[in-house]
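Report on one structure; see the data block that follows.
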Amino acid sequence: MSTTPQLPGPRPALDARGRWTVLAVCCLSMFLVGLDTTIVNVGLPEIGRALGVGTRSLEWTVDAYTLVLAGLLITSGALADRFGRRRVFRTGLVVFGAASLLCALAPSVGVLVAARALQGVGASMLSPVALAIVVNAMPDPKERARAIGVWAAVFGLSMATGPVVGGALVDALGWRSLFWINAPVVVAALVLTALFVPESRAARAQRLDLPGQALLTAVIALSVGVLIEGPHIGWTSPPALGAYALTLVAAAAFVRVECRRPEPLIDPRLFRHRAFSGAVLGAVAVFVALNVTLLLTTLYLQDGRGWTPLAAGTATLPMAIGATVCAPWSGHLVGRVGPRTPLLLAGGFMTAGGLGLVALGRDTGVPLLLLSYALIGIGFGFANAPLTNTAVSGLPAGRAAVAGAITSTARQFGAALGIAIAGGLVAGTAPAGLAHASRPGWALVAACGASLVLVAFASRPKQRPAAA
């Protein structure tokens, strides 16, 4: 006998105003999740000075959030399908808000890292569930594509504006304000969710896959952890070699377990489809590029050139503007011509932005910096909607939470990788050498952009009307 809870009767369809109100509420929570992924970056130098820690601890301050978020997203999506999306969504808001208060009050870096991990637990209940709520509220494919474009625009805006908002807060109120700012947003989101977001569940909820969840978490934590600790323990030291071996064993065990389970956490068969695999790999690449950009920019401008947090955050404003303007345009293009064109644009602009900084010097002109950041932001804005739409379209609508979770896992895994790689490039580098040490990072940003061009050709062009 099924133990899946059932709703008390069918729910009447929302009218257009109701559907877009639901989208607005979900976008508010997504803005919160995205903002916390990047807002801390610009405050890292100030946190390091206040708590007396170096680059390695600062990397964990960022990656404790993204690692937990990446590891739990899919399970949170499955829980939402089973127990109710609005219920899990509201629980995530409460956990996220409480963890934010702990971050603001943290007396040491250890407490801060632990509280950031707890923030990741709460955020994992927001990101995929918000997308599932939106997809459930928008049954029309064209309207859904536009809604995903708006959703991606808000998420991209939050990621890109994080450094600007963070810089202003740190300069005016200190680094703890980076976390206090979450409290009023969480309260507003809780009230609006109670008023406007209807409850929904999948027609048939997936069973929880605890072995798969444990192995996925191990793979993500080991692969990112060794990148963070590698510069300090030595890339060929026995602990590092052991970590490499454990990562490979955990990855192999994960694939084996998932292939044998009737309802796996991630169905390996999905990755036989080029479009879905390309969307997931593209999401990793985009967020590696974004987070390499943000961390290298923060350290280079503040430590290498002596800029204030506000000035460093403001320098990324062209990136925020590019992402904000191009993300809804990208969603419109996906609805009209399919994902290939916006992905080609995303790859071209991101590659150009990375190449503009591969010869970065200590006194590189500000116009070149701003132009490169703008190009990367434009690429980021064009990328999110086609990647999200392709991934969500690859699974049945009833499994929308899990579909969104797979893409969101890829994003956060990419974010954690980007922070770890960028931190490893500049770890232990004197301020005068930061520009030169960061050059491979900018080459990586360009390579991530080039990979989106390959993803574009793996995506499906828009079907002809007769075929549709």
Completion exercise
Scanning the stretch 58-114 residue by residue, those surrounded by fewer than 23 Cβ atoms within 10 Å (Cβ to Cβ) and closer than 28 Å to residue 428 by Cβ turn out to be 64, 106, 107, 108, 109, 110, 111, 113, 114
Exercise for the section: Quickly run through the stretch 115-145 and pick out the residues that are hydrophobic (A, V, I, L, M, F, W, C), open to solvent by less than 30 Å² (accessible area, probe 1.4 Å) and part of a helix (DSSP H, G or I). Expected result: 115, 117, 123, 129, 130, 131, 132, 133, 134, 135, 137, 145
Exercise for the section: Just name the residue that is farthest from residue 81 (Cα to Cα) out of those in the stretch 236-254 that are among the hydrophobic types (A, V, I, L, M, F, W, C) and loosely packed, with under 14 Cβ neighbours inside 10 Å. Expected result: 241
Exercise for the section: Search the stretch 272-286 for residues that are over 20 Å from residue 259 (Cβ atoms) and pair each with any residue that is loosely packed, with under 15 Cβ neighbours inside 10 Å when their beta-carbon atoms are under 8 Å apart and the residues are at least 6 apart or on different chains. Expected result: 275/460; 278/454
Handout entry: The listed residue being assigned to a helix (DSSP H, G or I), open to solvent by less than 10 Å² (accessible area, probe 1.4 Å), at pLDDT 85 or above and within 20 Å of residue 435 (Cα to Cα), out of 312, 346
Key = 312
Handout entry: helices (runs of 4 or more DSSP H) contained entirely in the stretch 12-104, each with at least 2 residues that are of a type outside the set (Asp, Glu), in contact (Cβ under 8 Å) with a residue 40 or more places away in the chain and farther than 24 Å from residue 416 by Cβ
Key = 16-38, 55-83
Problem - Residue, nearest to residue 22 (Cα to Cα), within the stretch 183-232, restricted to residues that are part of a loop (DSSP other than H, G, I, E, B) and open to solvent by 50 Å² or more (accessible area, probe 1.4 Å) - result: 203
Practice task
Taking residue 31 as the residue in question, decide whether it is touching a helix residue (DSSP H, G or I) at 6+ places or on another chain (Cβ under 7 Å) and open to solvent by 40 Å² or more (accessible area, probe 1.4 Å).
Solution key: yes
Completion exercise
Given (1) in a loop (DSSP other than H, G, I, E, B); (2) buried (at least 20 other Cβ atoms within 10 Å of the Cβ), residue 292 misses just (1)
Handout entry: Among residues of the stretch 194-233, those that are small (Gly, Ala, Ser), at pLDDT below 80 and over 17 Å from residue 128 (Cβ atoms), counted
Key = 2
Handout entry: the stretch 146-161, residues that are in contact with a Gly (Cβ under 7 Å, 6 or more places away or on another chain) and open to solvent by less than 10 Å² (accessible area, probe 1.4 Å)
Key = 148, 149, 152, 155, 156, 158, 159, 160
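The values are calculated or read from the model by the stated rules, or taken from the named source; none is laboratory data. Since the structure is predicted, the reported quantities are computational estimates derived from the model, not experimental observations. Glycine also receives a Cβ, built like all others from the backbone with ideal geometry; neighbour counts cover every protein chain displayed. Remember, those area values only see protein heavy atoms, side chains included, never the ligands or the DNA or RNA. Shrake-Rupley method; radii C 1.70, N 1.55, O 1.52, S 1.80 Å.
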